[in-house]
Amino acid sequence: MARNIVITSGKGGVGKTTTSAAFAMGLAKKGHRTVVIDFDVGLRNLDLIMGCERRVVYDFINVIHKEVNLNQALIRDKRCKELYVLPASQTRDKAALSVEGVGRVLEELGRDFDYVICDSPAGIEHGATMAMYFADDAIVVTNPEVSSVRDSDRMLGILSSKSRRAENNQDPIREYLLLSRYSPDRVSRGEMLSVEDVQEILSLDLLGVIPESGAVLDASNKGIPVILNAESTAGQAYQDAVTRYLGEDLPHRFLEVEKRSLFGRLFGG
Amino acid sequence: MRLLDLFRKNRPQSASIAKERLQILVAHERMERNSPSYLPKLKQDLMDVIRKYVTVDQNDIQVKLGRDGNNEILELNILLPEK
């Protein structure tokens, strides 16, 4: 039985899809059979971040409506054979995501895969609630910024009340914090909430801190999940986060300001 | 620290303002979220009973659910009109 992981945040633009792509690739690279599903019906973008946009033929909604088999819609990643992508529909109405339909597809995937990653759309509408309904684990992506932290807290409330686990009185969803777009430099100058601040407000287990990095835009430009860029700080931070998710205890990196030369320190740069 | 920052020492640190605002807001929103769903209905019923005897405005009745250690406290505040 696969473990369902929802990548959620409430607020848009904080890095849900980047995180979904990175996590899926990270888990698959470690040998776990992984599928990543785009729940953003009408505004699909996971295919683009994964670099498989030209290979989309059928989508999640086609499978829910039983128009095609699951295998016809799944796209196998060309870089990692353990990884599959299930794209969202670009045209259909998001109401097509029924509890029964999504549940049936997840159950079928569960027989074949180790991990099912659900990339949630922004907001608290139907697509977002469906992405989290069947979750076993939730990764709450948050930026160190007031509106993102507030929205994350709202999502925690929804996770604890409107999920299958909550409705069936099962063990609650395991919730993790992933802080992204972190800038140690700005934190040191008192301009940005620190990891400790955000953790204190949300009281969540910290899965990882992804530093602000040009590599993220670069990766999305190319359609290569940033985790594959092992030279970048963001890529390394995602690798650490995946390792931590799998149960290994790693110290958090990239939380301190990088040491700069005297020249750099005097004039900024 | 940059050289220029020396002259900006007295500026308030916006991160600490953000933290304080969030702590207050999040605590408030969690309280509301965790309050029982019957609270609005209870409030309405209480108002109807009170209105049988005195005329009070909707805004003059406040129902608050608080917590003191292990005890939940339902606080009812009614502002009676002056005679």
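Tabulated results
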read-out	value
Computed magnitude of the charge dipole of chain A (debye, nearest 20; Cβ of K, R +1, Cβ of D, E -1)	620 debye
Inter-chain shielding of B:23-34 (mean C-beta neighbours from other protein chains, 10 Å cut-off)	3
For the range A:1-67, diffusion coefficient by Stokes-Einstein and Kirkwood Rh (Cα), 10 °C, 1.306 mPa s, µm²/s	120 µm²/s
222 nm mean residue ellipticity, helices alone, for chain A (DSSP H n ≥ 4; -39,500 (n - 2.57); rounded to 500)	-11500 deg cm²/dmol
Cross-link partners of B:Lys52 among lysines (Cα-Cα below 23 Å; sequence separation of 8 or more within a chain)	B:Lys41, B:Lys43, B:Lys64, B:Lys83
Lysines with Cα under 20 Å of B:Lys19, excluding same-chain neighbours fewer than 8 positions away	A:Lys11, B:Lys9
Kirkwood-based Rg to Rh ratio, the range A:88-193, C-alpha trace	1.04
Average accessible surface area per residue within chain A, 1.4 Å rolling probe, Å²	45 Å²
Exposure of A:Ile124 as accessible area (Å², to 10), given a probe of 1.4 Å and all protein chains	70 Å²
Order by protection proxy (mean Cβ within 10 Å, highest first), peptides A:158-164, A:14-20, A:132-138	A:14-20, A:132-138, A:158-164
Distant-in-sequence amide H partners of A:Leu206 (H built 1.01 Å from N, under 5 Å)	A:Leu177
Proximal charge balance of A:Arg54 [Cβ under 12 Å; K/R count +1, D/E count -1]	0
log10 of Debye I(q)/I(0), alpha-carbon scatterers only, for chain A at 0.07, 0.10, 0.11, 0.16 Å⁻¹	-0.24, -0.48, -0.58, -1.21
Charged-residue dipole, Cβ positions (Lys, Arg, Asp, Glu), the range A:1-70 about Cα centre, Debye nearest 20	320 debye
Candidate lysines - alpha carbon under 21 Å from A:Lys81, same-chain residues fewer than 8 apart omitted	A:Lys29, A:Lys30, A:Lys222
Span per principal axis, largest first, for the Cα atoms of the range A:48-141 (Å)	33, 29, 27
Contact order normalised by residue count of the range A:132-252, Cα under 8 Å, 6+ apart, percent	22 percent
J(HN,Hα) series, the range A:87-93, from Karplus relation 6.51 cos²θ - 1.76 cosθ + 1.60, nearest Hz, glycine and proline x	x, 7, 6, 8, 10, 6, 7
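The values are calculated or read from the model by the stated rules, or taken from the named source; none is laboratory data. What you see is a predicted model, and the numbers here were worked out from it, not measured in a lab. For neighbour counting, all protein chains shown are included, and Cβ atoms are generated from backbone atoms with ideal geometry for every residue, glycine included. For accessibility, only protein heavy atoms count, side chains too; no ligands or nucleic acids. Shrake-Rupley method; radii C 1.70, N 1.55, O 1.52, S 1.80 Å.
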